[in-house]
Protein chains: 4
Amino acid sequence: MGDANSFGKYFRWTTFGESHGVALGVVIDGCPAGVIVSADLLAENLKRRRPGQNDASGEVLVSARNEEDEVQIVSGIYSGKTLGTPIACLIYNKDQRSQDYEDIKKQPRIGHADDVWQKKFSHADHRGGGRSSARETVARVVAGSFAQMFLQSLYPDLRVLSFVNRIGPIELSEEERSHVLDQPIDAYIARFPTQKSQDVLALLKSAKETGDSYGGSIETWVDGVPVGWGEPVFDKLKARLAYAMMGIGATCGFEIGAGNALIDKKGSDIHTDATSSIYGGIRGGISTGERVHFCVSFKPTSTIKEEALKGRHDPCVLPRAVSVVEAMTWATLADMALAARLSRALDR
Amino acid sequence: MGDANSFGKYFRWTTFGESHGVALGVVIDGCPAGVIVSADLLAENLKRRRPGQNDASGEVLVSARNEEDEVQIVSGIYSGKTLGTPIACLIYNKDQRSQDYEDIKKQPRIGHADDVWQKKFSHADHRGGGRSSARETVARVVAGSFAQMFLQSLYPDLRVLSFVNRIGPIELSEEERSHVLDQPIDAYIARFPTQKSQDVLALLKSAKETGDSYGGSIETWVDGVPVGWGEPVFDKLKARLAYAMMGIGATCGFEIGAGNALIDKKGSDIHTDATSSIYGGIRGGISTGERVHFCVSFKPTSTIKEEALKGRHDPCVLPRAVSVVEAMTWATLADMALAARLSRALDR
Amino acid sequence: MGDANSFGKYFRWTTFGESHGVALGVVIDGCPAGVIVSADLLAENLKRRRPGQNDASGEVLVSARNEEDEVQIVSGIYSGKTLGTPIACLIYNKDQRSQDYEDIKKQPRIGHADDVWQKKFSHADHRGGGRSSARETVARVVAGSFAQMFLQSLYPDLRVLSFVNRIGPIELSEEERSHVLDQPIDAYIARFPTQKSQDVLALLKSAKETGDSYGGSIETWVDGVPVGWGEPVFDKLKARLAYAMMGIGATCGFEIGAGNALIDKKGSDIHTDATSSIYGGIRGGISTGERVHFCVSFKPTSTIKEEALKGRHDPCVLPRAVSVVEAMTWATLADMALAARLSRALDR
Amino acid sequence: MGDANSFGKYFRWTTFGESHGVALGVVIDGCPAGVIVSADLLAENLKRRRPGQNDASGEVLVSARNEEDEVQIVSGIYSGKTLGTPIACLIYNKDQRSQDYEDIKKQPRIGHADDVWQKKFSHADHRGGGRSSARETVARVVAGSFAQMFLQSLYPDLRVLSFVNRIGPIELSEEERSHVLDQPIDAYIARFPTQKSQDVLALLKSAKETGDSYGGSIETWVDGVPVGWGEPVFDKLKARLAYAMMGIGATCGFEIGAGNALIDKKGSDIHTDATSSIYGGIRGGISTGERVHFCVSFKPTSTIKEEALKGRHDPCVLPRAVSVVEAMTWATLADMALAARLSRALDR
């Protein structure tokens, strides 16, 4: 309501569409003019949202509804560049299968939001979760891709890298973590760059078969952020990232820099090195020029046995969520980059 | 910049004031008319922001600058009730001591934001941190108090309770946690309702003496929240709470409901009880009517030896932060309560 | 940029689409759930935006590009009622004819915004004016129709009536004005409810032939507005109406109530009757419960001789603008109606 | 409510204070850092808001309550320059005289907003109009002064000039209008740069004696506006100016450029000169680099006989409103200047 389907104040975009409606989409108002649009980047990011294409996890992670997402750009682009006018994109739903959900209509799905949604709005669309479906995130990936095009046209070295660092009981070792930058993340099962790939696959397979699920954690590293992004006192960069991440379904925790691990330390342990990465590249809510890094934790997915039996069950949302976390990071950074333009007195 | 010093979209307030300037303050635009104003509640909440009044930790936790905060209400109130016009409040700085900070001016304080602030704005006020000082939170407590008055006039049973559940190595036991509701939180050392009070006191005393500091975690329980607060898809209640909390200085993590502990579980472990408290009273981003609960972790405070030696050093921000966490919770809820008014089609 | 393509704070909608691009459209975020959607009302309002269907002015007022506008509702509706989620609507461009505009590309069109648009954005779409084309208003009519559905579900007696009261030298007489409410406005040539229809037709025909154009004035009456709409101090109802109207292309003046005619009077002339219509049903920026009325003046349309010769020239924008003025009025009222919900302290 | 007491999206400020409360004030969030603050400019603009200091109209135009307005700057300034943090300013009410208004309390004042205000908010402050008093504009002049300091630091040649061009029956001749730029506007009676000063004085004196009042019109010229200010499609520069002006009390009309006079012309009359001033320096909603000019009309002030008898009656609001119109113009331009920063793709 109001503007709760809009993200950002300056690089501002609004998503729309129900999971089993005609289409999903996004309108981006605030992307500056003259940005070169890369259809390839857009397609690549959307493909990454559908996991399991390139590895052995395909059969496990991919739900029956694995349609390829084709984006129709409806406005805001001319001769391959942004016009500075609203960019509207649509992704039509091809495989709606709302029939599958007719039975579900009768009973609120455990762990889903159907019942509270009904109470809040009185009138609700139960087919596949409506707006609370994970399908809604396709629009976020589109918006994040434009944010990426915009930012990388100005800051060619700016990089956002997200990866799974934990699924259920399996965690990345420190050794593995230290090699992440050199890894082809997408080539790993579940975007989890670990030597224990076979364990991961076995874990997920077993969960798929029993209709069970696992949570986990996604870590994000942003390199190349200039000094000065983040707006005191309420739009601190860490606050805006937390808002972006906790606005993704199934998230249950957010940590900036060393996060909760900082509680185990005394001030004297950590303040010896002011430029250490312990604060996640942010001080006073403002980026310091160091790597911005943070972790987002996800609860195990909600499941209905029947749904699982029909094969439309993801035993773990994390692999798919990696591209959504990246998209929301790009979108947050694009907003903060534009916000920073407003601070400089002597600029025109 | 822009509106980064404003919080909320509907119950909207803007804070102002530098730590060593003339005054701090807040303007609240969006508090409905007719709310009975309680000067006592306001004074009580502000007093609670200055910890150590009622217990043995007073000498340890209270920094030299422990002035009582007197609020001057400048507008928006008439005959003891809100007018529906902006409520402006000022808290004048009595004890400015900017002299103490003159030496500091030369060197950026470790862990503080002085240097990035300078780079971002070019022109900065180094005296005591300016807007990045903890002193800025006094304005948040004022705003939160009005949010509380507004909400409790409509929902008399709505309660926000925050308490420290961990300081450095000392943690609340499950047994202790189960009795929290019956405890006089403010009477405990550091608002940490534990039997190990003497250990806590010893820990803080030692840190004070050595100029060291501890982080920790604050837990919040909200009872009496009606169904339907939180606005999909970006203004999920958990997202707005995360934004509010991570906008407080020194925070480094946010968890909703069982938080990171959910990663240790399988879906089948937790989905047996849809109404369990494991999700923190929120599903699909919308309050379910159950207790809303969340945790915020804080890093150890930044310190300068010299500052510590002058006795102006807090070995732990958490006791003081409890009232700030409560204030930001009230403010977030007030905003969500007003947002929820907009959803109902058939209301006038 | 930012949110300049969004209208309203609560009943908030964003338009997109270039005149010669793929489609135009709008996303409405903030329409409450449960509003019954009338496809007929939507079609009727869109048809009214294309003037000259029902009268002798058809041949004169209708430009060659008179395609029927078909709306595709993409989201936000289920079982005939709004879901409280964003309502996205598209109107595909069938008859793009951008070829016609290739020549124009070379020279900025007199009175059009092509050159300043180019300077502002560096990269621009010259085909048919891009976003500065009158075609953009089709999205406004869609948004206004939903605002109307929402408001009339709550206030069945609320009525917005706009009509042309002057075209060039021909003006409505006081006698004619007094009968407006009983008139079938749409049946009159150019929505100008005058006995001098033949004069109007002759005037427009002559202008069409010579490639000339006339301005004029549109008057709007809103009956059934409850007391209390309009938000002091900046969102006065008259300020928001002025903003809405002056945001329509070709407008050059706005008057509330008796408007400029009030300058001819002394205070003692008009203050004898506090409830008179002289203030346009607004005092202190707040609706009084009386008829809200205002006038908007339009400059003569910009023209290029060559364009006129191709028959794509409207000698007068006013007939078409009537439905746009009505749409922007509905949209403004819907926003103010929702805003008023926030003021009441004792409502939940 | 919400943010209806805030003006601007980027150069954003919030006013507060009741006419007979403790103080009036403003908080500006969004003024860039490093702007040199001129206390003299601030004082000068506030002095200009109290008319009749320098000319023979003093005795006539100055109401009994003619206190000098002293501004206390509470935050946001350090070493004479803005910090980029919120700038809070207070103007304490010295001469409250709320007693005078006790009698008035019983009866709604004719033409005032007391009754609708009461109905809207249920609880209202009747003393002197509360927030609907002209006294509220003092905060606007403060905000406008900071907007002026900001803009003139970047655009030294930017000038805003407002003057009265009509009071009741007396109008500026074309000859007089052509000399306005060379005139010391403030030195003229009622800021009305006419040879007929004696007639103006006589008119106002007579109105003062009989408790009557006159309306009129204020014209504004802005020179030095760069190309590219104004944001399509809803935040057209003309729309934002109309919003700003119609948000001033007692305004009843707004015209951009030649305004309503354009209706008397045919398209062929005016389109011969694309760069003519006829459009008021705005095309497509965007500034063209030419002079921006517009007119605002004011109705005769509302009066109560008893109030007039006590000598607290202004027979004409226009002289005082000139500085308010200028302030709102500066504020609108500052917002548009910052908005324009967001459009440029290749800027950092």
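The values are calculated or read from the model by the stated rules, or taken from the named source; none is laboratory data. This is a predicted model, so every value here is computed, not measured. No Cβ is skipped: glycine too gets one built from the backbone with ideal geometry, and neighbour counts run over all protein chains shown. Accessible surface areas use protein heavy atoms only, side chains included; no ligands, DNA or RNA. Shrake-Rupley method; radii C 1.70, N 1.55, O 1.52, S 1.80 Å.
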Any idea which of (1) more than 14 Å from chain C (Cβ to nearest Cβ); (2) at pLDDT below 95 is the one D:Leu42 doesn't satisfy? (2)
Which number in (1) crowded, with 22+ Cβ neighbours inside 10 Å; (2) modelled with pLDDT under 70; (3) not hydroxyl-bearing (Ser, Thr, Tyr) marks the one condition that C:Gly30 misses? (2)
Single residue of region B:233-244 satisfying the filter (touching a Gly at 6+ places or on another chain (Cβ under 6 Å), touching a residue at least 40 places away in the same chain (Cβ under 8 Å) and open to solvent by less than 10 Å² (accessible area, probe 1.4 Å)) that is farthest from the other protein chains (Cβ to nearest Cβ): B:Leu237
Filter region C:163-173 for residues that are in a loop (DSSP other than H, G, I, E, B) and surrounded by fewer than 19 Cβ atoms within 10 Å (Cβ to Cβ) and give the result. C:Pro169, C:Ser173
Subset of region A:85-112, residues at pLDDT 95 or above and not in a strand (DSSP E or B), comes to A:Thr85, A:Pro86
Taking the condition open to solvent by 20 Å² or more (accessible area, probe 1.4 Å), at pLDDT below 95, in contact with an Asp or Glu (Cβ under 9 Å, 6 or more places away or on another chain) and more than 8 Å from every other protein chain (Cβ to nearest Cβ), does D:Arg291 pass? no
Index of the failed condition, B:Cys252 passing every other in (1) out of contact with any Phe, Trp or Tyr (no Cβ under 9 Å at 6 or more places or on another chain); (2) crowded, with 24+ Cβ neighbours inside 10 Å: (1)
Considering only residues that are among the polar types (S, T, N, Q) and facing another protein chain (nearest Cβ under 9 Å), look in region B:119-136 and name the one that is most open to solvent (accessible area, probe 1.4 Å). B:Ser122
Among (1) closer than 24 Å to C:Ser217 by Cα; (2) in contact with a strand residue (DSSP E or B) (Cβ under 7 Å, 6 or more places away or on another chain) - the single one D:Val222 does not satisfy: (1)
Restricting region B:245-270 to residues that are within 19 Å of the chain's Cα centre (by Cα) and at the interface with chain A (Cβ under 7 Å from one of its Cβ atoms), the residue that is farthest from A:Gly230 (Cα to Cα): B:Gly257
What number of residues within region D:10-22 satisfy the criterion of being more than 7 Å from chain C (Cβ to nearest Cβ) and crowded, with 24+ Cβ neighbours inside 10 Å? 9
Conditions (1) under 21 Å from the mean Cα position of the chain (by Cα); (2) at pLDDT 90 or above; (3) not charged (D, E, K, R); number of the one not met by C:His313: (2)
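Residues checked against (1) assigned to a helix (DSSP H, G or I); (2) away from chain A (no Cβ under 14 Å); (3) open to solvent by less than 30 Å² (accessible area, probe 1.4 Å):
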residue	(1), (2), (3)
B:Asp186	yes, yes, no
B:Ala190	yes, yes, yes
B:Gln195	no, yes, no
B:Asp199	yes, yes, no
B:Ser206	yes, no, no
B:Glu209	yes, no, no
B:Ser217	no, no, yes
B:Trp221	no, yes, yes
B:Pro226	no, no, no
Of all residues being among the polar types (S, T, N, Q) and either surrounded by 15 or more Cβ atoms within 10 Å (Cβ to Cβ) or over 22 Å from C:Val325 (Cβ atoms) (or both) in region C:45-65, which is modelled with the highest pLDDT? Just the residue, please. C:Asn45
Restricting to region D:319-348, count the residues that are modelled with pLDDT of 95 or more and either away from chain A (no Cβ under 14 Å) or farther than 30 Å from A:Gln152 by Cα (or both). 13
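The rows are residues; the columns are (1) open to solvent by less than 10 Å² (accessible area, probe 1.4 Å); (2) more than 30 Å from D:Ala4 (Cβ to Cβ); (3) in a loop (DSSP other than H, G, I, E, B).
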position	(1), (2), (3)
D:Trp117	no, no, no
D:Val141	yes, no, no
D:Phe146	yes, no, no
D:Phe150	yes, no, no
D:Ser153	no, no, no
D:Leu161	no, no, no
D:Glu175	no, yes, no
